[in-house]
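**Student:** Supplied in structure tokens, the structure appears directly below.
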Number of protein chains: 2
Amino acid sequence: MENKLDKEVKVGICGLGTVGGATLKLLTGENSDEIRRRAGASISVSQVATRTLNHSQVDGIPCVGTDPFAVVNDPSVEVVIETIGGYDPAYQVIKQALSNGKHVITANKALIAERGNELFEVAQKSNVVLAFESSVAGGIPIIKGLREGLAANKINWLAGIINGTGNFILTKMTSDDRQFNDVLEEAQTLGYAEADPTFDIEGIDAAHKLTIMSSIAFGIPLQFDKTYTEGISEITPEDISYADELGYKIKHLGIANRSLSGIEMRVHPTLISKAQLLANVNGVENAVMINGNAVGSTLYSGPGAGGDATASAVVADLIDIARHKIARSESPIYPSLGYQTMYEDAQILNIEDIKTEYYLRIPAMDRVGVMAKISSILQTHGISIEAVIQKEPISEIVPIIILTHLARERNLNLAMNEIESLEEVAGAINRIRVESFEV
Amino acid sequence: MENKLDKEVKVGICGLGTVGGATLKLLTGENSDEIRRRAGASISVSQVATRTLNHSQVDGIPCVGTDPFAVVNDPSVEVVIETIGGYDPAYQVIKQALSNGKHVITANKALIAERGNELFEVAQKSNVVLAFESSVAGGIPIIKGLREGLAANKINWLAGIINGTGNFILTKMTSDDRQFNDVLEEAQTLGYAEADPTFDIEGIDAAHKLTIMSSIAFGIPLQFDKTYTEGISEITPEDISYADELGYKIKHLGIANRSLSGIEMRVHPTLISKAQLLANVNGVENAVMINGNAVGSTLYSGPGAGGDATASAVVADLIDIARHKIARSESPIYPSLGYQTMYEDAQILNIEDIKTEYYLRIPAMDRVGVMAKISSILQTHGISIEAVIQKEPISEIVPIIILTHLARERNLNLAMNEIESLEEVAGAINRIRVESFEV
């Protein structure tokens with residue numbers, strides 16, 4: 001890091017959308033005295049690039065333009081905040097800034113999850129920080145918690161509600177007994193969901209965040225392509241109601257787990273006990289539960305999105321960088337992913353190799369003996385039943401709800417195929433994984 | 001910090017009780033590879049002092065004795081872990097270690113809250129770190145969260161369940177409808193409460209922790225003597241049941257609040273809405289909710305005590321120090337209380353100057369007109385009523401339960417005095433404060 005005596009940090013911001021705009025406001029607004037006292041340096045925004053130039057938005061900033069590379073190539077800028085989003089030109093902007101010896105702060109979870117390995121290498125070569133607290137769970141300082149606060153632990157597992165849109169939809173479906181598509185439309189009207197909601201509801205956004213947290217938890221390189229992803233669009237109010245009857249809520253979770261056979265990274269709807277604090281995190285809130293072998297289980301919750309909450313994390317990264325500068329560190333204090341030496345060859349399990357409990361909703365015909373046939377198939381595959389719900393038939397098809405004990409997913413898939421091919425079963429089984437996290 | 005190339009950090013531990021013993025185990029046990037990879041240095045315990053020498057406990061440690069000053073005066077020791085507890089000799093041990101230019105890590109909340117101002121000054125003069133993550137909320141990285149993760153925020157308020165013993169007692173009283181003394185005895189049998197439980201049940205331990213968090217939240221010097229403290233021994237199962245009827249749970253909270261007129265620091269039983277996540281933190285668990293002006297409300301929960309959880313925080317501090325050493329910082333990165341320049345003259349409010357809502361249980365005689373008299377007194381003092389519960393009389397005395405709107409405590413005290421002197425009121429009013437935290 002630079003060895004200057006003047007206690008000022010010069011910042012350039014690329015992108016003035018929701019997060020970039022809120023960051024600029026936070027740095028220049030009523031908190032600036034508090035930020036200066038905490039950082040031990042005044043932080044001045046000296047360069048801004050925005051696609052749609054609106055001078056009133058950047059009142060008092062000396063250099064404003066539309067070219068992000070003008071920011072990253074300005075020799076006076078020490079820290080670049082990348083809030084452009086997307087893959088290009090964000091990737092090039094970050095890479096160029098790092099190569100130029102500037103610290104970079106980004107909220108870009110897709111970029112970190114998919115191309116972080118390369119970018120962290122560039123940062124290391126240039127001896128600068130690439131900080132990304134705001135990329136996971138918005139304003140909740142979860143990266144810092146994992147990388148520093150829990151650094152003495154072997155992390156056993158973590159499980160998080162890390163997509164506010166999905167949690168809003170499931171919460172509304174639960175509280176108002178409404179269909180998925182109906183609530184999705186409301187979320188779009190309210191601005192909680194994009195016009196194309198795929199990233200949120202199919203779990204891709206959550207998988208990006210899970211990929212990042214898994215690397216910090218287990219010291220493994222970022223491996224987004226090995227993260228299993230399943231969305232929430234198949235969840236019905238009936239499933240939510242049966243889950244409730246069994247003592248569970250359905251949440252869209254990102255789960256990372258370390259077992260003897262390898263590491264699991266998976267995003268999918270999950271039944272969790274209503275008694276869990278995590279089950280009571282509602283609406284657009286995010287929460288992450290982390291289990292370490294020394295500390296036990298801790299939980300972190302709060303606003304997972306929104307300009308101000310995300311800017312809170314961006315500026316926290318900035319204050320950290322300022323503090324490092326004041327202390328005249330010769331190199332970044334924290335390895336990007338928390339490890340000076342990573343576990344490069346840790347095995348990531350295929351989803352078929354995981355072991356968990358399952359909720360099955362089987363559309364069975366109202367005929368004698370069907371339950372016996374289903375039980376027998378499950379037994380053949382070594383799967384035992386924990387609970388069953390079978391209601392009075394109201395039509396020809398009567399759903400059978402089964403909660404299994406722990407089973408290997410490969411075995412469950414075989415059993416599901418056989419059950420679905422029974423002539424007494426009228427369609428596809430709805431299968432939801434069940435997790436019982438120790439507190 | 002020292003400018004060595006050998007990547008090793010030599011640690012001395014003073015005190016091998018619950019926390020010290022767990023710390024030694026954590027550093028030398030199965031996590032040591034993970035800790036070395038995260039710290040970028042191997043951490044070796046080179047000196048240990050324990051009051052009751054038991055050689056099997058410190059197998060493999062070269063220097064073991066009973067004199068903590070032998071540890072702090074050993075030139076090879078770079079970091080001293082103080083897990084003796086209490087005021088003396090812990091204070092002298094820490095001070096001597098800091099003066100000798102050694103970093104110090106302590107779990108001693110009483111010492112930090114009551115004598116931290118002096119100790120931090122010594123640390124600053126010696127250009128070393130005095131770290132105390134483990135002093136508040138055990139394994140939850142709440143100091144780091146406040147001081148670093150939320151550093152961009154003006155903290156508006158924080159509220160925490162920060163004493164596991166008290167929360168265990170209130171949880172059991174609630175779930176099992178039992179009396180305070182009865183549950184206290186059970187807590188003592190289980191080892192959750194000390195033989196002399198005063199520190200826990202009277203809120204002194206919580207006040208120590210609240211004092212520390214308040215300083216970091218607001219950038220003010222530690223002022224334990226200005227923290228208002230009220231215990232839980234007056235809470236009855238009846239209060240818990242009335243609170244439940246009104247939609248609340250009773251929790252023993254430490255609350256720090258910043259208003260226009262000043263800063264509040266107070267520990268007392270509190271009614272909070274059942275819908276709050278904080279209300280659902282049960283048993284010996286701790287949780288802290290923090291509201292910042294950028295991030296909104298975030299919550300942190302987990303094990304607030306126990307050897308392993310506390311050792312997790314002690315070793316996290318140690319890894320931070322090792323990382324700073326590897327990065328060759330010239331001075332500590334983080335100011336002890338998070339501010340390079342404090343707000344020295346911020347005003348701390350007297351409890352009579354706070355404004356909150358109140359729950360009142362008034363032991364009234366079953367006579368005509370008593371409710372009218374009470375209402376009139378409250379009205380005279382500008383206090384309006386939000387809800388009332390008055391049950392069928394089962395004896396001569398019928399409790400009247402009143403929930404007020406926001407009122408100044410000074411006014412409420414005057415009103416309570418007048419109500420208690422009514423001839424229709426048979427004894428002291430039980431008053432519990434009510435807080436409605438925005439999420």
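**Student:** Nearest-5 percent of antiparallel DSSP beta bridges in chain A?
**Tutor:** 65 percent
**Student:** So how far apart, in nm, are the two label points at B:Y87 and A:K391 if each is 7 Å from Cα heading toward Cβ?
**Tutor:** It is 6.6 nm.
**Student:** With both partners inside the protein assembly as shown, how many of the DSSP beta bridges are antiparallel, as a percent to the nearest 5?
**Tutor:** Given both bridge residues lie in the protein assembly as shown, the antiparallel proportion sits at roughly 65 percent.
**Student:** Arrange B:F132, A:F199, B:F120 by Cβ neighbour counts within 10 Å, fewest through most, would you?
**Tutor:** By the 10 Å Cβ count, ascending, the order reads A:F199, B:F120, B:F132.
**Student:** Give the aspartates and glutamates reachable from A:K226 as a straight Cα distance under 15 Å; neighbours fewer than 8 places away on the same chain don't count.
**Tutor:** Partners within reach: A:E114, A:D205, A:E264, A:E344, A:D345, A:E352, A:D353.
**Student:** Go ahead and set up a Gaussian network model of chain A, Cα springs under 10 Å, then flag whichever of A:V314, A:V64, A:V288 fluctuates most.
**Tutor:** Largest GNM mean-square fluctuation: A:V64.
**Student:** What list of ³J(HN,Hα) values in whole Hz, one per residue of segment A:354-360 in order, does the Karplus curve 6.51 cos²θ - 1.76 cosθ + 1.60 (θ = phi - 60°) give from phi, with Gly and Pro shown as x?
**Tutor:** Using θ = phi - 60°, the values come out as 7, 10, 8, 9, 9, 9, 10 Hz.
**Student:** Using modelled backbone amide H atoms (1.01 Å from N, in-plane), which distant-in-sequence or interchain residues come within less than 5 Å of B:Y248's amide H?
**Tutor:** When sequence neighbours closer than 5 places are left aside, the close amide H contacts are B:K274.
**Student:** Taking a label point 7 Å out from Cα toward Cβ, give me the nm distances from A:S42 to the same spot in the other copies, shortest first, one decimal.
**Tutor:** Those separations, rounded to one decimal, come out as 4.9 nm.
**Student:** What residue among A:G306, A:G166, A:G29 has the largest mean-square fluctuation in a Gaussian network model of chain A, using Cα springs under 10 Å?
**Tutor:** Of A:G306, A:G166, A:G29, the Gaussian network model singles out A:G29 as fluctuating most.
**Student:** Taking the Cβ of A:N282 as the center, what net charge do the other residues with Cβ under 11 Å away carry, scoring Lys and Arg +1 and Asp and Glu -1?
**Tutor:** +2
**Student:** Follow-up. How do A:E418, A:E386 rank when sorted from fewest to most other Cβ atoms within 10 Å of their own Cβ?
**Tutor:** A:E386, A:E418
**Student:** Measure nothing fancy, just the Cα-based angle from helix B:109-126's long axis to the longest principal axis of chain B, in degrees from 0 to 90, nearest 10.
**Tutor:** For B:109-126 against chain B, the angle is about 40 degrees.
**Student:** Something else: Residue by residue through segment A:389-398, what is 3J(HN,Hα) from phi via Karplus (6.51 cos²θ - 1.76 cosθ + 1.60, θ = phi - 60°)? Round to whole Hz and write x for glycine and proline.
**Tutor:** With coefficients 6.51, -1.76 and 1.60, one gets 10, 9, 8, 4, x, 10, 8, 5, 9, 10 Hz.
**Student:** Under a Cβ-Cβ cut-off of 14 Å, what is the net charge of the residues other than B:N31 that fall near it, where Lys and Arg count +1 and Asp and Glu count -1?
**Tutor:** +2
**Student:** Looking at the axis that maps chain A onto chain B, which chain A residue has the closest Cβ, and how far off is it in Å, rounded to a whole number?
**Tutor:** It is A:S329, 2, counting Cβ atoms only.
**Student:** Related question: With the label 7 angstrom out along Cα to Cβ, how close does B:I389 come to the same site in each of the other copies, in nm, nearest first?
**Tutor:** Distances to the matching label points in the other copies: 3.1 nm.
**Student:** Treat the count of other C-beta atoms within 10 Å as a stand-in for reagent exposure and order B:T270, B:T356 from fewest to most.
**Tutor:** If I rank by nearby Cβ atoms, fewest first, I get B:T356, B:T270.
**Student:** Kirkwood hydrodynamic radius, computed over distinct alpha-carbon pairs, for chain B: how many Å, to one decimal?
**Tutor:** Computed over Cα pairs of chain B, the Kirkwood hydrodynamic radius comes out at 23.3 Å.
**Student:** Between the helical axis of B:204-218 and the dominant principal axis of chain B, each derived from Cα atoms, what acute angle in degrees is found, rounded to the nearest 10?
**Tutor:** With rounding to tens, the tilt is 80 degrees.
**Student:** I need the inter-copy label distances for B:E344: point set 7 Å along Cα to C-beta, values in nm with one decimal, smallest first.
**Tutor:** Between copies, matching label points for B:E344 lie 5.5 nm apart.
**Student:** Mind checking the dipole of chain B: about its Cα centre, +1 per Lys or Arg Cβ, -1 per Asp or Glu Cβ, Debye to the nearest 20?
**Tutor:** Its charge dipole is roughly 1480 debye.
**Student:** Oh, and also: Which entries of A:K125/A:K209; A:K25/B:K125; A:K209/A:K355 show an alpha-carbon separation above 28 angstrom in the structure shown?
**Tutor:** As for pairs spanning more than 28 Å Cα to Cα, those are A:K25/B:K125.
**Student:** Could you give the distance between the Cα centres of segment B:115-178 and segment A:39-55, to the whole Å?
**Tutor:** Value for the Cα centre distance between the two parts: 34 Å.
**Student:** Please give the charge dipole size of segment B:353-434, origin at the Cα centre, charges +1 on K and R Cβ atoms and -1 on D and E Cβ atoms. Round to the nearest 20 debye.
**Tutor:** 240 debye
**Student:** Taking 8 Å as the Cα distance limit and 6 or more residues as the minimum spacing, I'd like the relative contact order of chain A as a percentage.
**Tutor:** 17 percent
**Student:** Now for a separate question. Give the shape of the protein assembly as shown as rounded, prolate or oblate, defined through the alpha-carbon gyration tensor: a ≥ b ≥ c are the square roots of its eigenvalues, a/c under 1.5 means rounded, and otherwise the shape is prolate if a/b is larger than b/c and oblate if not.
**Tutor:** Verdict is rounded for the protein assembly as shown.
**Student:** Further question: Net charge near A:G219: determine it from the other residues with C-beta under 12 Å of the C-beta of A:G219, scoring Lys and Arg +1 and Asp and Glu -1.
**Tutor:** Every neighbour counted, the sum reads +2.
**Student:** Separate question: So how far, in whole Å, is the C-alpha centre of segment B:362-439 from the one of segment A:244-279?
**Tutor:** The distance from the Cα centre of segment B:362-439 to that of segment A:244-279 comes to 46 Å.
**Student:** Enter the angle in degrees (range 0 to 90, nearest 10) between the Cα long axis of helix A:370-380 and the first principal axis of the Cα atoms of chain A, meaning the one along which they spread out most.
**Tutor:** Roughly 60 degrees, rounded to the nearest 10.
**Student:** Suppose a student asked you for the relative contact order of segment B:10-129, using Cα pairs under 8 Å spaced at least 6 residues apart; what percent would you report?
**Tutor:** 26 percent
Where a number appears in this text, it was derived from the coordinates with a stated rule and is not lab data. Bear in mind the structure is a predicted one, so any value in this text is a computation, not a measurement. Methodologically, a virtual Cβ is constructed for each residue, glycine included, from the backbone with ideal geometry; neighbour enumeration extends over all protein chains shown.
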